[in-house]
Every structure is written in structure tokens, then in C-alpha cells.
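Asker: Sharing a structure below in C-alpha cells format, with a few things to ask.
The values are calculated or read from the model by the stated rules, or taken from the named source; none is laboratory data. It should be emphasised that the depicted structure is a prediction, and the values quoted were computed from it without experimental measurement. Heads up, the Cβs are rebuilt from the backbone with ideal geometry, glycines too, and the neighbour counts pull from every protein chain shown. Please note that ligands, DNA and RNA were not included when accessible areas were found on the heavy atoms of the full protein model with its side chains. Shrake-Rupley method; radii C 1.70, N 1.55, O 1.52, S 1.80 Å.
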Amino acid sequence: MNWNNVIQGFIFLAAVILLAKPLGTYMARIYEGKPAGLNVLLGPVERWIYRLSGIYPETGMSWKGYAVAMMLFNGIGIAVVYTLQRLQAYLPLNPMSMPGVSPDLAFNTAISFATNTNWQSYGGETTLSYLTQMVGLTMQNFVSAASGMAVLVALIRGFIQKKAETIGNFWVDLVRSTLYILIPLSMILAIFLVSQGVVQTFKPYEKVTLLQPVMDGNGAVVQGQVLALGPAASQVAIKQLGTNGGGFFNVNSAHPFENPTPVANFLEVVAIILIPAALCYTFGYMVRDKRQGWALLAVMLIIFIPCLWSCISFEQQGNPLFSSLGIDQKASAFQPGGNMEGKEARFGIVNSAIWAVTTTAASNGSVNSMHDSYMPLGGLIPMWLMQLGEVIFGGVGSGLYGLIAFAIIAVFIAGLMIGRTPEYLGKKIEAYEMKMASLMILILPALVLAGTAVAVILPQAKASIFNPGPHGFSEVLYAFSSAANNNGSAFGGLSANTPFYNIALGLAMFFARYWLAIPILAVAGSLSRKKIVPVSQGTLPTHTPLFIIFLAMVVLIVGALTFFPALVLGPIVEHFMLHHS
């Protein structure tokens, strides 16, 4: 680790933290219906959408009504994306005549994008038409992100309301998240990305003549190459801002048409955690105690920064097998060194590791390097960040409401220690809230570990593992960690486009998204009906350094104890094997 690495990491984190307050304030005012600039300008558009859709914005919903509306809307989205994929051969905007997608892959992809996961078992430029990418996938990138933000806002209302039977209107929260936040930010980012060379066109793929002919695998001379094009910039912008992930092209954010320059790389990686970080401030603003928002952001950073430092360090140590051959891999101020396998030379180790840690801390899933080629402990860091429940930034909305579930558990544990009924933000935390929070904490590990166990037993699943031993196990564990935590990044090396993995991972994505969102809405409904308890001498402050450390330890202990045995079987044992071979 040298000063260049420290400066790059500092600039990245500084940009996120500096933007969190203004964006967080803006989003809070949007959700509260206060003047915030764009809502004054686009107010007529919002009201027109309500009239066209038959929505009565002043009508509140119970938590059950909110949940039904969310599930109905997302279910329609799944059906639309599935149908587009199956029928794309007969639809317009298909200049390369892409055939229809197989049923199991269409099922997987439809659930993937509706759940804000964006796991991809296919190459975008060889599988999907422009229409499917734009109308199906890009649309879901917006509304799946907006759904997570809406659930978070409903939970916030549960804390600030007293003796109320409603938690807001899902359709209003969905429209405001999309119209005033996601669309404007995506337009701004897309313009910047186009200026950097990210493609945005409806032209067919273009064949170009190579400056220097090459030989193919059969010994034939190849004179030309087909360059995949498409309306990529618009999808790249929302895939990063909405923590969707995925890629317009198969190699994702390592592709020069998706991520062509260092400036584009910086803008995209900042965009990945910008809204999750800003929502912490939104939370503090809306509960009328901004210290609470800063406290939650501090918890995220306390875990994120050491993970970032560790991943960079593990990769810069290089591969001991190369060292045994006399190859110098040490990093210095003048030589990047370290393990460059699977990384773009234009990004190097530092920017690759920053992206890997950021995309898995957030529920994003886009990659600019191959995680499968990381050193065992370097690859462990991104995997473990997902296994924490995607609460270190996490998805837009979903990451923060997941961390709040941990906060509920933390205040409950603290209440047991001092013999007092636990409270959080003036609301008593009782048996019902603990049951729902515990359900959220238990569902994800069950999906990850059970799915991995089945995959390493069934012959049809084992046939997709091409790397025997602990590394192959890591690939399977990573796949289910990514799917069950709605991340979508792939370790690589695993042939996942099979009926087993398409169906198993699709089910994991579905249950992970909605079995967590529905309990958190139940918590919101329960809290909303309660009165606010005045602060007293026995109240546990939840904005102090003590509580910040306590909450971080609860997150770490739950994650470490739950997944440590599985991590031992994968990356940890592989690390020892590599250094003692």
C-alpha cells in the first residue's frame, strides 16, 4: 500500500461523503412533498401520471396494502420482461436478429432485473435485442430501484408517525423516486458517460478491418472483427445509480464501450454508492435527527474502509507461485506489481479492488475485473461483504432498511443488558419487531447455505463446476451469495446458464428480495401504530460512537459466525494451500 493508493481511495470516499448531504436533503424534501426544485417544475407531470393511472395520492395504505401493491407491480414487471425475451425474435429493434431466449434463462433474467439483482447468465451483446435491453431491462433498472427506495421511506414513516394506521402510498413513493431522483441523475450521468466515449446508438453491430491480421484457433487468418454497439450509456447510468449492476456487454464494466476512461471509471464507481450513502442523510433528515443518519453512515464506513484496504493489500502481495519462479510482483511507487490476472491494465489493482469492494458492499454487481482471478483472500472480501446481508451501503433503499433491522436487534440486545425495554428513535422495540427483524437476518443465510449445499451434491449442478477443490466451492458459494443478497456480480468460472442454476438462483433472488421487504413493511406498520416515547435518562442514545461501534460489531459477528465455516472450506483453505504448495 503506497501513497498513490491512499490518495485514490481518499478522493473516492471524499466525493461520496461530500455529495451525501445535498443529495440526501433533496431526496428527503421530495418524499415529504416539500419544494425541492424539480418537484416544482415536474409537478404537473407527476399529477398527470396519477390521473392517467387512477391513483389517489392523498390516500394512505396499510402495510399490507403497501406490500400487495409492491408485489403486484413487481410481478407484472417479471411477466413483461419474461415475455419480451421469449418473443424478441418477432419484435422490432432487433438489428442482429437475436432469437428468443430459452424459458429457464428468461425466468432467471426476469426475476433478476425485477428484484434489483441483475445477475446475468448470458452475454448481453449476443443474447438480447435492443428492445429487450431498453424496454425490459432498463425499465426494471429504474422501477426495481424505486421499489427499494419506496419500502425504505415507508419504514421511515413508521418511526415518525404516531398512532397511524397507514405508512404512505406505494404508487406515490414509486413515482417520486423514479421521476425526481433516478431519471434526472441518470440523464446527467449518461451525458457525462457519452462524453467519455460510452456508446449510445441504434446502429447495427459494425464490422471493422484489423490493423494487423491475427490467426484464429484453426490457423486461419482473421482480417476483421465485429464490434457490438447499442444504446449502452443510458443503461450503464441507471445500472450504477440504481445499484442494479449487470452489463450491456458480456465483460461488463471492463468493456471499453461501457467504461472507456479513468474519468468514466471514477464517475461510475462513485455512482454505485452515491444514493445508498445519501439515503442515510435522508433518514436522519426525515426522523428529525440528522445524527442518526450520520451514525448509520459511519457504521457502513467502519466496515467498508478496512475491507477496501484489505482487498487492495491482498492483491498487491501477488501470487506466491509466481514469486517461486523468480518473478518480482512487489508494488512500488513506480510499478503497480501484485496480482494483475483478470484485471484491466488501464485500471490496475487499486481501481479494480475499489470497484470490487464497492460493487459488493452495495447491491450493485457490475464488475471491471474478474473476481475469480483474485487471490483467495482478496476474493473473500467481496464475497463476505455480500454475506453480511448487503447492509454496508447495499441496494438503494434495501441496504439501509437492512441495516436498520440490525439496529433494531442491537438496541434489543442493549436493552437486555441494562434491563430496560429497548427503544429506537422513540419507538419501543417489542416481540413483533424482533420476530420480523430476526426473520430478515435468518432468511439470507438459509438461502445461501442451503443453495450451496444442494449445488455441490446434485450431479447436474456439479457438472457446471470446472475448478475442482476449494476454488470450485468458492465459485458456487459466491453465486448463491450474490443471488440471495440481490447483488448480481459473478465470481466467474462457473457455468451458470443451465436449467438448475437458472431456476435455483432465480428462486433465491425472488425470496431474498420479497421475504425481506415484506417483514420490513410489517415493522413499519407496527411502529406507525405506536406512540412516541419521550427521551429519558434510561434511553439508549443511538447516535453516539459507543452505539456505532456496537452496531458494527453486531453486523460483523452475525456475518462472521454464520458464514465462517463455509468460507473456511473455500477461500481460506485455498489460501493456505497456495502458500504451502
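Asker: Residue 453 is checked against (1) buried (at least 18 other Cβ atoms within 10 Å of the Cβ); (2) at pLDDT 95 or above and fails just one. What number does that condition carry?
Answerer: (1)
Asker: If a residue must be surrounded by fewer than 12 Cβ atoms within 10 Å (Cβ to Cβ) and among the hydroxyl-bearing types (Ser, Thr, Tyr), how many such residues does region 530-546 contain?
Answerer: Count: 1.
Asker: Cβ-Cβ under 7 Å, sequence separation 6+ or interchain: first residue in region 292-311 and farther than 17 Å from residue 424 by Cα, partner open to solvent by 30 Å² or more (accessible area, probe 1.4 Å) and part of a helix (DSSP H, G or I). Which pairs?
Answerer: Close Cβ pairs satisfying both conditions: 303/556.
Asker: Six or more apart or on different chains, Cβ under 8 Å: which pairs go from a residue in region 421-434 that's within 12 Å of residue 526 (Cβ to Cβ) to one that's among the acidic types (Asp, Glu) and in a strand (DSSP E or B)? Could you list them?
Answerer: 429/423
Asker: Identify, from the list 497, 502, the residue that is surrounded by fewer than 19 Cβ atoms within 10 Å (Cβ to Cβ) and more than 25 Å from residue 520 (Cα to Cα).
Answerer: Only one candidate qualifies: 497.
Conditions (1) part of a helix (DSSP H, G or I); (2) loosely packed, with under 12 Cβ neighbours inside 10 Å; (3) among the basic types (Lys, Arg); (4) at pLDDT below 95, marked per residue:
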position	(1), (2), (3), (4)
18	yes, yes, no, no
24	yes, no, no, no
48	yes, yes, no, no
61	no, no, no, no
74	yes, no, no, no
78	yes, no, no, no
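Asker: Within region 477-494, work out how many residues are assigned to a loop (DSSP other than H, G, I, E, B) and either of a type in the set (S, T, N, Q) or surrounded by fewer than 23 Cβ atoms within 10 Å (Cβ to Cβ) (or both).
Answerer: 6
Asker: Could you please find all residues in region 462-501 being under 19 Å from residue 250 (Cα atoms) and either out of contact with any helix residue (DSSP H, G or I) (no Cβ under 9 Å at 6 or more places or on another chain) or of a type outside the set (S, T, N, Q) (or both)?
Answerer: 475, 478, 479, 483, 488, 490, 491, 492, 493, 494, 496, 501
Asker: Next question. Condition first: aromatic (Phe, Trp, Tyr) and open to solvent by 40 Å² or more (accessible area, probe 1.4 Å). Now tell me which residues in region 547-581 satisfy that.
Answerer: Those that are aromatic (Phe, Trp, Tyr) and open to solvent by 40 Å² or more (accessible area, probe 1.4 Å): 550, 564, 576.
Asker: Which condition from (1) under 30 Å from residue 274 (Cα atoms); (2) open to solvent by less than 10 Å² (accessible area, probe 1.4 Å); (3) in contact with a helix residue (DSSP H, G or I) (Cβ under 6 Å, 6 or more places away or on another chain); (4) modelled with pLDDT of 95 or more is the one that residue 437 breaks?
Answerer: (4)
Asker: Which ones in region 233-277 are within 17 Å of residue 369 (Cβ to Cβ) and in contact with a strand residue (DSSP E or B) (Cβ under 7 Å, 6 or more places away or on another chain)?
Answerer: Correct list: 254 only.
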